[in-house]
Amino acid sequence: MGFYAEPWLREARDKVRSVPEEIGGQNAALSDFDKLADAVEKAIKAALIENHGSLPREHDHSQLVSMCRSTGVWEILPPALQGLVEEIESYRSRKAAAISNPISSGSADQSSVEQLQRYFFVARRLIDYMEFHVIGNDSVLKRLKVA
């Protein structure tokens, strides 16, 4: 693992370490999804930091799809991981627009628990992908356009 990326990836892993078994209401689901969104953002930024040594100001924001496209990360992500990044950005947009329930239109039910668990599983795959396929592979890491 890269020198610069290690603390970012560790923090991302800590955020998704435990899959929520039960959601104790809408606020718990939102809190879990916030952790998930933070983990995905940190994993993406870890690769950019490893490439450049720091995070340039123009990439220090939470618009993940835009950041990925402008730096070349988007082209190296598999479609399932691109979908996760799009879901995270969509969630954050809805949250900013003050829509109260980004996971389901009703209360937190079994399907929303399963969906959140699936997101946590895919987020772990994204973190591993960023660590081993991007950061751990110099030819891929050098293709990123950070600065």
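Numbers below:
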read-out: Some residue of the range 108-120 being modelled with pLDDT of 80 or more and closer than 14 Å to A43 by Cβ; value: yes
read-out: Breaking point among (1) modelled with pLDDT of 90 or more; (2) touching a Ser or Thr at 6+ places or on another chain (Cβ under 7 Å), for P79; value: (2)
read-out: The range 50-63 - residue that is part of a helix (DSSP H, G or I) and surrounded by fewer than 23 Cβ atoms within 10 Å (Cβ to Cβ) and, of those, modelled with the lowest pLDDT; value: H59
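The values are calculated or read from the model by the stated rules, or taken from the named source; none is laboratory data. If you're wondering where the values come from, they're calculated on a predicted model, not measured in any experiment. Note: ideal-geometry Cβ built from the backbone for every residue, glycine included; neighbour counts use all protein chains shown.
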